[in-house]
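The structure under discussion appears below in the form of structure tokens.
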Amino acid sequence: RVAWQKPNLIIEKLGHDLKGKVVADIGAGPTGFFSMLLARKGAQVLAIDIDPEALIYIEKEKASLDSTQQHLIRTRLARVDDPRLNKEEIDAVLIVNTMAYLGNKPTYLTNLKNNLKTGGKIVIVDFKMNRLPAQIAPPKNERIYEDVVEEFLYQAGFKNIILDDQSLNYQYIITAEK
């Protein structure tokens, strides 16, 4: 996964210095892969998922972090249609391989925007719709076209929306700001 997904490149899109920043990792489970990486970069991570089992796993897994980083990850149980965030609680949002599973996407993204601090950033990573290796990508009915995601971001009121469909072989990256 590290080779084809380039997680450090994705994390850089959130900002170069994440120390002290609050980042919501939407769809953090089942392994907390990005939550752990974000904590290692010094971010305060809200690992958000709809699956309580995934959050239990993340709580256990954070014990593998350096003792100075373990407190940086907090888990939060969400609903399909509500990330359960508070107004201006977060500096950035990361959504990896999760867009297809969210409830009313325009409303969900509007909710995220309202919970971002002014100047906050959202980074969405998901699989391209072309033919991809089955061992890497989910079936097409569990993916979402990048132009549809862009449109949802516009509807939610995000600005500076940028699509990067070149950096990763199997996925696109969309960044936007509040």
Problem set entry | Gain in span if fully extended, Trp4 to Glu88, counting 0.36 nm per residue against the direct Cα distance | 26.9 nm
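Using a 1.4 Å probe over the heavy atoms of the protein chains, calculate the carbon and sulfur portion of the accessible area of the chain as a whole percent. Can you show the working numbers first?
Working: 4190 of 8580 Å².
Summing carbon and sulfur atoms, their accessible area is 49 percent of the total for the chain.
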For this session: Would you give the gap between the C-alpha center of region 33-50 and the C-alpha center of region 128-178, rounded to a whole Å?
Result: 21
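For the chain, what class follows from the C-alpha gyration tensor (a ≥ b ≥ c being the square roots of its eigenvalues): rounded when a/c is under 1.5, otherwise prolate if a/b is larger than b/c, else oblate? Walk me through the numbers before you get to the answer.
Details: a/c = 1.40, a/b = 1.17, b/c = 1.20.
Because its axes are fairly even, with a/c under 1.5, the chain counts as rounded.
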Seminar exercise, completed: Here the relative contact order (percent) of region 102-178, from C-alpha pairs under 8 Å and at least 6 apart, is 42
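Which whole-number percent gives the relative contact order of the chain, counting Cα pairs below 8 Å spaced six or more residues apart? Present the calculation step by step, with values, prior to reporting the outcome.
Working: 355 pairs, mean separation 35.6, N = 178.
Reported relative contact order: 20 percent.
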Exercise. To the nearest 0.05, how large is the calculated FRET efficiency for Asp66 and Asp147 if R₀ is 41 Å and r is the Cβ-Cβ distance?
Worked result: 0.50
For this session: Please figure out what share of the DSSP beta bridges in the chain is antiparallel and state it in percent, rounded to the nearest 5.
Result: 40
Exercise. Please state the relative contact order of region 1-85 as a whole percent: Cα pairs under 8 Å, 6+ residues apart?
Worked result: 27
For this session: Once you have a ≥ b ≥ c as the square roots of the Cα gyration tensor eigenvalues for region 51-98, tell me rounded if a/c is under 1.5, and otherwise prolate or oblate according to whether a/b is larger than b/c.
Result: oblate
For this session: Determine the per residue accessible area of the chain with all protein chains present and a 1.4 angstrom probe, expressed in square angstrom.
Result: 48
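If you stretched the chain out fully between Lys117 and Asp51, how much longer would it get, using 0.36 nm times the residue separation minus the C-alpha to C-alpha distance? Don't skip to the end; give the middle numbers.
On the way: separation 66, 0.36 × 66 = 23.76 nm, distance 2.63 nm.
Using 0.36 nm per residue and subtracting the Cα-Cα distance, I get 21.1 nm.
The values are calculated or read from the model by the stated rules, or taken from the named source; none is laboratory data. What you see is a predicted model, and the numbers here were worked out from it, not measured in a lab. FYI the Cβ positions are ideal-geometry reconstructions off the backbone, even for glycines, and counts take in every protein chain you see. Accessible surface is based on the protein model in full, side chains and every heavy atom, while ligands, DNA and RNA are left aside. Shrake-Rupley method; radii C 1.70, N 1.55, O 1.52, S 1.80 Å.
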